[in-house]
Amino acid sequence: MSDGYLHIFAFYVLAALTLGSAGIVALSRNIIYSTISLLGTFLGVAGLYISLSADFLAAVQILVYVGGTLTLLLFAVMLTAKIEDVRSSNTSRGRWAAFIVIGLLLLVLGRVATTTAWPTDLREPMPSTAKLGHAFLSEYLLPFEIASVLLLGAMIGSVILARRAVKRESEEE
């Protein structure tokens, strides 16, 4: 198998893994199956990043989403009281409207993909993580700092809301 066909085969395998896992996340009636399937989606996206030579994005995808977000979701699902009593955690309300919106979105994305003049000559070097770091600390410093302050505020707000909820539950008992 030549190198070009191997890349195409790897892309289709990773795309199938990503889309199949995302479908299970969206359509599964069991929240635990949905959460576990999210792992396949995150790993498939990381594999697609690797196939695009975006190793930094793949590492961030694995560290942040798989290592942080997915672990947090698993703990939240597993530590939820009486989770075994829940019979259906994903109702089918609005499913047809979602299919219509998804169909329209796929039509628009297909139109964009077929009418865009994609570059075929890749003689320029790929951007490296060093260039990304320099961009974050020079021309994009202000948006980077604003995003970090916004995330810090969101984290503090979620801790305050969680503490109020725990305090209210202990007061009721």
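What length, rounded to one decimal in nm, is gained on full extension from residue 104 through to residue 118, with 0.36 nm per residue of separation minus their alpha-carbon distance?
2.8 nm
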Query raised in the report: How many angstrom separate the Cα center of the stretch 1-53 from the Cα center of the stretch 105-119?
Result: 21 Å
Report summary line: HN-Hα couplings for the stretch 140-146 via Karplus (6.51, -1.76, 1.60; θ = phi - 60°), in whole Hz with x for Gly/Pro, come out as 10, 5, 5, x, 5, 5, 5
Requested in this report: Beta carbons within 10 angstrom, averaged per residue: use that to sort the peptides 43-50, 64-71, highest first.
Outcome: 43-50, 64-71
Query raised in the report: How large is ³J(HN,Hα), in whole Hz, for each residue of the stretch 47-52 in order, when computed from phi with the Karplus curve 6.51 cos²θ - 1.76 cosθ + 1.60 and θ = phi - 60°, using x for Gly and Pro?
Result: x, 5, 4, 5, 5, 8
Query raised in the report: Between rounded, prolate and oblate, where does the stretch 1-83 land on the alpha carbon gyration tensor, with a ≥ b ≥ c its root eigenvalues, rounded for a/c under 1.5, else prolate if a/b exceeds b/c?
Result: oblate
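Readers should treat all values here as calculations from the given coordinates under stated rules, not as data from a laboratory. Bear in mind that the values here come from a model prediction, so they are computed numbers and not experimental data. Here the Cβ is made from the backbone with ideal geometry for all residues, glycine too, and neighbour counts use every protein chain on show.
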